[in-house]
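This report refers to the structure that appears directly beneath it.
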Amino acid sequence: MKKSKHYLLPDISRPEKAGCRLPELDVPATELPSGELMRQELVLLEVSEVELVRYFTSLSRKNYGVDTGFYPLGSCTMKYNPKWHEDIARFPGFQDIHPYQPAETVPGAMQLMSELQELLAEITGMDATSLAPMAGAQGELAGLLMVRAYHRSRGQDHRRKILVPDSAHGTNPATAAMCGLEVKTIPSNGDGNLDLKSLADLLDEESAALTLTMPTTLGLFDPQISEISAIVHERGGLLIGDGANLNSLLGKVKFGDLGFDCVQLNLHKTFSTPHGGGGPGSGPVCVKTILADFLPSPLVAKDKKRCQFISPPRTIGRLGAAGGNFGVMVKAYAYIRSLGAEGLKEVSENAVLNANYIKEKLKPHYQLPYDRTCMHEVVFSGKRQKAKGVATLDIAKRLLDYGFHPPTIYFPQVVEEAIMIEPTETESKETLDAFIEAMVEIAAEAEHSPEQLHGAPHSTPVRRLDEVGAARKPVLRWKMK
Amino acid sequence: MPSPYIPNTDQDRASMLRDIGAGSVAELFQDIPARFRDVPFHLPPPLTELELKGEMSELSRQNACLDEYVCFLGAGYYRHFVPSVVGHITGRSEFYTTYTPYQPEASQGVLQAIYEYQSLVCQLTGMEVSNAGMYDGGSAAAEASLMACRITGRRNIAVLSTVNLRYREVIGTYGRGQDITMHELPPDFKEMPDKCACLVVQQPNFFGYFEDVARYAKLAHDAGALLIVIFDPISLGLFRPPGSYNADVAVAEGQPLGNPLNFGGPGLGIFTCRQEHLRQMPGRIVGQTIDAEGQTGYVLTMATREQHIRRERATSNICTNEALVALAATVYLAAMGKNGLRRVAELCYHKAHYAAENISKLKGYSLAFKQPFFKEFVVRCPQPLEKINRILRKEKIIGGLDVSHMVDNGMLLCVTEMNSRQEIDRLVSILGSL
């Protein structure tokens with residue numbers, strides 16, 4: 001990353017500059033409508049192409065990506081994204097087609113979607129898939145809307161409670177609220193697993209479902225999964241999976257076998273499509289037969305040789321104006337086809353191996369709240385450093401000076417001063433060793449020269465930012481006159 | 001051969017396992033009950049880059065690609081010119097391989113670009129504030145109606161029947177989750193239904209025609225409801241922006257701003273509103289601030305509205321959005337600038353009117369509506385649409401959307417700056433020969 005002078009687009013805008021030339025009108029002009037429909041004045045930029053390119057290039061240099069270096073952001077699966085998948089997604093026949101073209105004019109795209117539905121159903125051990133959700137949180141929304149529709153169809157619309165573990169992602173309770181469901185929080189026990197007794201106590205006639213991330217956000221596989229599934233189903237509830245952590249089970253374990261009725265995936269995490277600075281994503285939902293009729297519209301149905309968009313008979317409806325984020329699906333499809341079953345298994349095995357390696361190497365230096373084998377990520381606590389006056393935030397910021405992106409911090413909330421590290425399978429042992437060395441040095445700094453950490457980062461394009469001030473007096477845009 | 005994406009060698013793995021104190025990788029999976037582990041996965045065999053590129057290229061070539069076919073299809077997704085500079089900037093991997101900017105010191109590039117996006121969208125729409133974007137136009141409209149319910153404390157919403165059917169469906173999906181009742185109103189309605197949180201209108205409407213938005217603004221506001229406007233961002237190069245006719249929330253599909261069609265996704269949900277509703281807005285927002293040395297910098301702000309802080313009391317569950325598409329829109333708006341955007345809108349307007357005039361002169365064809373329109377219009381055709389579109393396809397033309405369920409033999413045609421006079425003349429001549 002590189003420091004450079006701060007300026008904004010209006011600072012390089014001058015009359016008579018242009019970033020693009022457009023052709024002259026080649027048809028006779030028609031009179032414009034009456035004045036009240038017309039825009040009085042359009043105040044927008046006038047910037048030349050070269051200045052524009054330099055501006056955005058300088059911005060890009062103030063940013064850190066997976067291509068820049070190690071990005072162990074827990075729960076986000078920041079793995080390397082193969083370059084050729086980007087090229088495939090840009091094939092004109094994939095990129096330059098309209099969503100409302102008749103299906104018979106886009107058989108290749110329809111076939112790709114149809115196959116991806118099946119591939120994801122096989123990978124998750126489910127019976128049917130809808131690719132419609134445009135991100136993980138929208139996949140969750142689809143899941144819980146299906147839960148409601150399912151219970152309503154059985155005359156059980158009174159089932160309005162969703163049980164959510166205390167370690168869950170914030171999207172889980174937020175989604176439940178969007179679906180008119182009441183959230184009941186279940187505590188974790190001392191091993192980081194779900195507290196079965198609390199689950200049994202909270203499950204009642206009004207419970208609609210348990211939403212469970214597996215492995216959990218503590219990076220642990222809950223060995224009680226069969227008991228959990230049994231008790232939820234016995235009491236008439238559904239088991240809904242948050243597939244955020246699928247990277248650790250890929251090619252090894254199927255959600256369907258574990259008893260889940262529905263799981264939402266994040267193609268932009270597990271299936272190696274880049275995250276784009278916050279999107280686009282894609283959040284397909286895979287379900288067992290009992291929920292298939294409720295899937296969000298559209299699905300691609302294969303009838304003999306022809307593929308068509310269809311709407312499931314009792315669909316919860318559409319989630320967007322088209323069929324989902326096709327550009328992301330193309331990359332995920334390429335990923336699965338290029339790896340095959342053995343390749344996917346290699347992914348999860350190396351992801352889990354890398355995380356356990358970091359866990360063992362850092363255990364002497366950082367407090368490990370759950371000292372057991374982890375899956376694809378490991379959660380430490382910065383408690384020991386906190387006692388020396390060094391917060392987890394300081395550790396994270398100091399890592400930037402060592403050239404690494406920080407892990408996820410302060411999540412899950414059930415771990416005090418949480419430091420959540422997800423190395424992914426695409427990192428070499430050399431990279432992991434360099435990161436471990438940096439973390440060990442930072443632990444030593446926290447011990448001997450905590451002030452070094454309070455001021456960190458020292459080497460980034462900007463220093464620590466005033467977030468409180470930003471929220472108190474919001475400056476959310478520039479104005480041009 | 002080893003995987004190009006897994007750099008660990010067998011030797012590395014052996015040495016790491018030794019450090020962990022495990023005999024094998026399998027041991028690391030022992031928390032998972034044995035019967036669930038290492039089950040068979042029936043997937044096609046792996047292919048190399050060379051093989052799969054060939055196969056997928058063939059798959060892509062089965063599609064009627066619009067750089068080969070002439071396109072008169074719109075209805076919410078539009079084929080506009082995308083200058084090369086857009087792809088070159090969004091193709092910088094510092095942008096596209098980064099996560100949501102949670103660590104601002106390592107994310108100033110993305111954060112400042114979103115600040116530019118928010119600013120440009122506000123300049124374009126005349127609205128006071130913009131968020132960093134939603135999934136698409138449809139879900140942005142749905143979130144806008146939920147926001148109106150939160151602001152007014154009401155559980156009914158009104159939507160004009162001239163709003164894109166797909167958008168109405170998405171609004172319905174989101175509304176059902178919270179038991180919100182949706183009323184569909186004809187364009188000539190005289191009175192708002194009781195206790196509505198909002199009135200949702202589209203300008204220009206689904207059929208391409210301009211609505212009397214001033215009338216709708218008054219009807220909505222007199223009933224204590226918010227006016228939610230779905231707009232076409234390209235139209236704002238020439239026509240009145242929602243901020244100038246009292247919209248409370250204005251949303252749009254942002255795909256036309258510098259993005260290919262991509263078979264409908266990824267798109268971009270543009271979401272803007274009045275300043276007073278800022279704290280009820282869904283989605284990410286970037287704000288300007290200063291760092292410890294007083295330098296200007298940017299952060300994600302107003303996060304107390306969001307799911308990762310507020311959990312079940314958040315304004316929305318949205319987390320990942322469409323940041324890279326928003327970056328493309330930013331570069332597009334900056335590259336086009338005020339003169340370019342106006343020119344694009346003018347080209348669309350004049351070419352669409354040239355096409356409409358010439359088609360309406362053909363025997364058996366007429367325009368279905370009389371109001372002024374922008375780049376789309378509905379033609380009544382002498383024959384069923386399916387047949388007409390099939391004939392057009394043989395001539396390598398993708399015709400307009402079949403709207404015969406709303407207008408007899410109706411075709412919704414779209415003409416943009418991408419359509420040359422020659423293409424329009426060819427369309428007219430084929431339609432005339434049927």
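The values are calculated or read from the model by the stated rules, or taken from the named source; none is laboratory data. Predicted model only: the values in this text are computed from it and were never measured. Cβ placement follows ideal geometry from the backbone for every residue including glycine, while neighbour counts extend to all protein chains displayed.
Points worth noting:
- Single condition B:Y102 does not satisfy, out of (1) facing chain A (nearest Cβ under 8 Å); (2) within 17 Å of A:S58 (Cβ to Cβ): (2)
- Number of positions in region A:213-257 that are part of a strand (DSSP E or B) and more than 24 Å from B:P40 (Cα to Cα): 1
- Out of B:K375, B:K351, one residue alone is touching a Ser or Thr at 6+ places or on another chain (Cβ under 7 Å), touching a residue at least 40 places away in the same chain (Cβ under 8 Å) and within 18 Å of B:R79 (Cα to Cα). It is B:K375.
- Tally of residues being polar (S, T, N, Q) and surrounded by fewer than 20 Cβ atoms within 10 Å (Cβ to Cβ) across region B:85-109: 1
- Considering region A:77-91, and only residues there that are closer than 25 Å to A:P215 by Cβ and surrounded by 22 or more Cβ atoms within 10 Å (Cβ to Cβ), the residue that is farthest from the chain's Cα centre (by Cα) turns out to be A:N81.
- Search result, residues across region B:50-84 that are surrounded by 19 or more Cβ atoms within 10 Å (Cβ to Cβ), part of a helix (DSSP H, G or I) and either in contact with a Gly (Cβ under 7 Å, 6 or more places away or on another chain) or more than 7 Å from every other protein chain (Cβ to nearest Cβ) (or both): B:L59, B:S60
- Residues considered: B:L43, B:L17, B:L47. Of these, the only one that is modelled with pLDDT of 95 or more and part of a helix (DSSP H, G or I) is B:L17.
- When B:Y174, B:Y167 are checked against the criterion of being facing chain A (nearest Cβ under 10 Å) and out of contact with any strand residue (DSSP E or B) (no Cβ under 8 Å at 6 or more places or on another chain), B:Y174 stands alone in meeting it.
- When A:A103 is tested against the conditions (1) touching a Phe, Trp or Tyr at 6+ places or on another chain (Cβ under 9 Å); (2) among the hydrophobic types (A, V, I, L, M, F, W, C); (3) at pLDDT 95 or above, the lone failure is (3).
- Scanning region B:136-158 turns up at least one residue that is assigned to a loop (DSSP other than H, G, I, E, B), within 8 Å of chain A (Cβ to nearest Cβ), in contact (Cβ under 8 Å) with a residue 12 or more places away in the chain and in contact with a strand residue (DSSP E or B) (Cβ under 6 Å, 6 or more places away or on another chain).
- Qualifying residue in region A:65-81 (condition: closer than 30 Å to B:V70 by Cα, outside the structural domain of A:N247 (by TED's automatic domain parsing) and of a type outside the set (S, T, N, Q)): no
- As a summary of the residue check, B:V299 satisfies the conditions (1) part of a loop (DSSP other than H, G, I, E, B); (2) farther than 23 Å from A:P99 by Cα; (3) of a type in the set (V, I, T) except for the one numbered (1).
- Per the conditions (1) at the interface with another protein chain (Cβ under 7 Å from one of its Cβ atoms); (2) in contact (Cβ under 8 Å) with a residue 40 or more places away in the chain, the sole criterion not satisfied by B:E94 is (2).
- Answer residue from region A:1-27, given it is of a type in the set (K, R) and within 36 Å of the chain's Cα centre (by Cα) and is surrounded by the fewest Cβ atoms within 10 Å (Cβ to Cβ) among those: A:K5
- Of residues in region A:28-76 being in contact with an Asp or Glu (Cβ under 9 Å, 6 or more places away or on another chain) and of a type in the set (S, T, N, Q), the one surrounded by the most Cβ atoms within 10 Å (Cβ to Cβ): A:N63
- Of the residues making up region A:432-469, those that are closer than 20 Å to A:N63 by Cα and of a type in the set (S, T, Y) are A:S459, A:T460.
- Of the candidates A:P450, A:P412, the single residue that is modelled with pLDDT under 95, more than 30 Å from A:Y7 (Cβ to Cβ) and more than 28 Å from the chain's Cα centre (by Cα) is A:P450.
- Hits in region A:58-72 - residues which are under 18 Å from A:P10 (Cα atoms) and either facing chain B (nearest Cβ under 7 Å) or of a type in the set (D, E, K, R) (or both): A:L59
- Selection within region A:224-252: residues that are farther than 14 Å from A:L212 by Cβ and of a type outside the set (D, E, K, R). The member of this set that is farthest from the other protein chains (Cβ to nearest Cβ) is A:G236.
- Within region A:30-71, the residues that satisfy the criterion of being small (G, A, S), within 30 Å of A:S272 (Cβ to Cβ) and not in a loop (DSSP other than H, G, I, E, B) are A:S58, A:S60.
- Boolean, B:P33 is at pLDDT 95 or above and in contact with a helix residue (DSSP H, G or I) (Cβ under 7 Å, 6 or more places away or on another chain): yes
- Among the numbered conditions (1) facing chain B (nearest Cβ under 8 Å); (2) farther than 30 Å from B:E211 by Cα; (3) touching an Asp or Glu at 6+ places or on another chain (Cβ under 9 Å), the only one that A:I12 does not meet is (1).
- If you filter region A:275-331 down to residues that are out of contact with any helix residue (DSSP H, G or I) (no Cβ under 7 Å at 6 or more places or on another chain), polar (S, T, N, Q) and farther than 26 Å from B:A132 by Cα, you find that the one that is surrounded by the fewest Cβ atoms within 10 Å (Cβ to Cβ) is A:T289.
- Residue pairs whose Cβ atoms lie under 7 Å apart, sitting 6 or more positions apart in sequence or on different chains, and linking a residue in region A:375-398 that is in the same structural domain as A:V440 (by TED's automatic domain parsing) to a partner that is part of a helix (DSSP H, G or I) and of a type in the set (K, R), are A:V378/A:K359.
- Scan region A:282-333 for residues that are basic (K, R) and either away from chain B (no Cβ under 13 Å) or part of a strand (DSSP E or B) (or both) and the total you get is 5.
- Qualifying positions in region B:3-16 - within 7 Å of chain A (Cβ to nearest Cβ), within 20 Å of A:D433 (Cα to Cα) and not β-branched (V, I, T): B:Y5, B:P7, B:N8, B:D12, B:R13, B:M16
- Residue count for region B:290-304, restricted to those that are at the interface with chain A (Cβ under 7 Å from one of its Cβ atoms) and either among the basic types (K, R) or more than 19 Å from A:S459 (Cα to Cα) (or both): 2
- Within region B:160-189, considering residues that are touching a residue at least 12 places away in the same chain (Cβ under 8 Å), surrounded by fewer than 19 Cβ atoms within 10 Å (Cβ to Cβ) and of a type in the set (D, E, K, R), the one nearest to B:L227 (Cα to Cα): B:E184
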